[in-house]
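Engineer: So that we are looking at the same thing, I have put the structure below in structure tokens.
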Amino acid sequence: MTTMVKTKARALRAAKTEALTAPVLPVNRILKGDCIDIMRTLPDASIDMIFADPPYNLQLGGDLARPDGSHVDAVTNDWDKFTSFATYDKFTREWLGEARRLLKPDGSIWVIGSYHNIFRVGAILQDLGFWILNDIVWRKANPMPNFKGTRFTNAHETLIWASKSEKSKYTFNYRAMKTLNDEL
């Protein structure tokens, strides 16, 4: 009998210690740092919805200039530079894998991108088991001008809305969306 009591007491102490060391989801805080490293510190299945605006992998080589020769500020920071599509895909697979781990079973994710990255992101979402619900076009009223005139003006970005799985019971407030969009 004493052994059983000691075993139960030991199990209770272990459970309390585990509860104290389990990751806690920070609320009302901005977490600064490498997104993948930060996501790895968060508890499994703790997020209802993720909105992601990942690097677009713009592949801008050299400077971008207007017809008058003035410089265009573009994304030239290291966070948007990848040595290859394979490197970009590896990064995308890693952060989306963490996003999937963090989502609750009925959670969903929204990812925005441009033609530079959104097709790669969509394929990786599907490879990881997400279920694509919709693609939404954000039409830009004032897009970046087409300075060189060598292709169409990129006047939109695409959002992919996906649930964690095909069986997820995601939230969609249809009536509110209709009302906010003048019943379109």
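Engineer: Compute the accessible area per residue over segment 74-120, keeping the other protein chains in place, probe 1.4 Å, unit Å².
Structural biologist: Each residue of segment 74-120 exposes 51 Å² on average to a 1.4 Å probe.
Engineer: Now for a different question. At what distance in nm do the modelled label points of residue 83 and residue 166 sit from each other, each positioned 7 Å from its Cα along Cα→Cβ?
Structural biologist: 3.8
Engineer: Mind giving me the FRET efficiency for residue 106 and residue 146? R0 is 41 Å, r the Cβ-Cβ distance, nearest 0.05 is fine.
Structural biologist: 0.45
Engineer: Label segment 38-177 by shape, choosing from rounded, prolate and oblate, from the square roots a ≥ b ≥ c of the eigenvalues of the Cα gyration tensor; if a/c is under 1.5 it is rounded, and otherwise prolate applies when a/b is larger than b/c, oblate when it is not.
Structural biologist: The shape class here is prolate.
Engineer: Between residue 42 and residue 128, with labels modelled 7 Å along Cα→Cβ, what's the label distance in nm to one decimal, could you check?
Structural biologist: 1.1
Engineer: At 1.4 Å probe size, put 58, 31 in order of accessible surface, largest to smallest.
Structural biologist: Largest accessible area first, the list is 31, 58.
Engineer: Taking R0 as 22 Å, what FRET efficiency do you get between residue 138 and residue 180 from their Cβ-Cβ distance, rounded to the nearest 0.05?
Structural biologist: Once the sixth-power term is evaluated, E becomes 0.90.
The values are calculated or read from the model by the stated rules, or taken from the named source; none is laboratory data. Remember, predicted model here, so these are calculated numbers, not experimental data. Virtual Cβ from ideal backbone geometry, glycine too; neighbours counted across all protein chains shown. Surface accessibility is based on the protein's heavy atoms, side chains included, excluding ligands, DNA and RNA. Shrake-Rupley method; radii C 1.70, N 1.55, O 1.52, S 1.80 Å.
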